[in-house]
């Protein structure tokens, strides 16, 4: 098998384990390339990619753009803040106007869950979901699992706990899907007000105690509290959250083992992680950033060779 079973990268739930393994194998090769003096390959020299970001983004947008340029693609960047969307233009009209410029792949972040699925059913270009509302963020989950594989040699059998705002996190849902497909045990930890009702159906362990969660896990993937997505106040204060669920050096020193700390960014230092943890030997956060470029190169390349 040398191609994906899907035509688009809409979510981890649509991928098979073979798809994920193929993406990882392809990313292994691209990671070797981007660590060489000459970091570019001509793999997508005749491909045009449009980055459509209807929400603010720094890491994801830069990572995709760098991946595209490493593959020698032609790149168009679109920001809704300075577009005709502000004048009332629909998503479909916006995209069709871009497609008229002969675009092959669209990388899109959108605040509405399912926006990328809707687009994939209505246009001919390949779609990569760079995050849709509180639904999924597939490439982040792929790079997270890839980073765990790199650290431990495999994901299967490892215990990963996701800590923080699970309710509003597209990263959490995609990670649960990905880790479960790769044979990991998955747990979640955080305030009960930030736990979605569907968790029981996903087969994950639920920890109300941070200490118990950290004693159980091999890896802690720590999420920020997403206040911008909360319609009502679900926490007394960020300070109280930090006192109960924040990870500092003292918390790690009290464990009788060494665990790995991950974070998809951006980090709210002093809330979910203190700097002496985020920058410590426990952390592979910067490895995640580097691996993000290789994973996104792999996804874009594999979609470009996939025939409908």
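Please treat every number below as a calculation from the coordinates, not as lab data. The structure displayed is predicted, hence computed values, not measured ones. Because the Cβ atoms are built from the backbone with ideal geometry, glycine has one as well, and the counts that use them run over all protein chains shown.
Values computed for the structure shown
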| item | result |
| --- | --- |
| Length-normalised contact order of segment 1-127 in % [C-alpha pairs under 8 Å, at least 6 apart] | 27 percent |
| Theoretical gain in end-to-end length, residue 195 to residue 211 [0.36 nm per residue, Cα-Cα removed] | 4.0 nm |
| Pair residue 306, residue 124: separation of 7 Å Cα→Cβ label points (nm) | 1.9 nm |
| Packing-based ranking, highest mean first, of 109-120, 131-142 given that Cβ atoms within 10 Å are counted | 131-142, 109-120 |
| Cα centroid of segment 274-301 to Cα centroid of segment 133-147, whole Å | 12 Å |
| Computed lengthening from residue 248 to residue 276, 0.36 nm per intervening residue step minus Cα-Cα distance | 9.4 nm |
| Paramagnetic label zone (point 7 Å from Cα along Cα-to-C-beta, residue 28; backbone N under 19 Å) in segment 125-148 | 142-148 |
| Rounded to 5, the percent of DSSP beta bridges in segment 138-285 classed as antiparallel | 0 percent |
| CD proxy at 222 nm, helix term only [per DSSP H run n ≥ 4: -39500 (n - 2.57); per residue of the chain; nearest 500] | -11500 deg cm²/dmol |
| Nearest-ten-degree value, helix 285-305 long axis tilted from longest Cα axis of the chain | 30 degrees |
| Calculated FRET value between residue 112 and residue 258, using beta carbons and R₀ = 41 Å, to 0.05 | 0.50 |
| Crossing angle, helix 170-181 versus the chain [Cα axis fit, 0-90 degrees, rounded to tens] | 90 degrees |
| Highest to lowest packing among 239-246, 194-201, scored as the average C-beta count within 10 Å | 239-246, 194-201 |
| Share antiparallel - DSSP beta bridges, the chain, percent rounded to 5 | 0 percent |
| Cα gyration tensor shape for segment 1-82, rounded if a/c is under 1.5, else prolate or oblate | oblate |
| Inter-probe distance in nm under a simple model that places probes 7 Å from Cα toward Cβ, at residue 16 and residue 152 | 2.5 nm |
| Percentage relative contact order, the chain, counting C-alpha pairs under 8 Å, at least six apart | 21 percent |
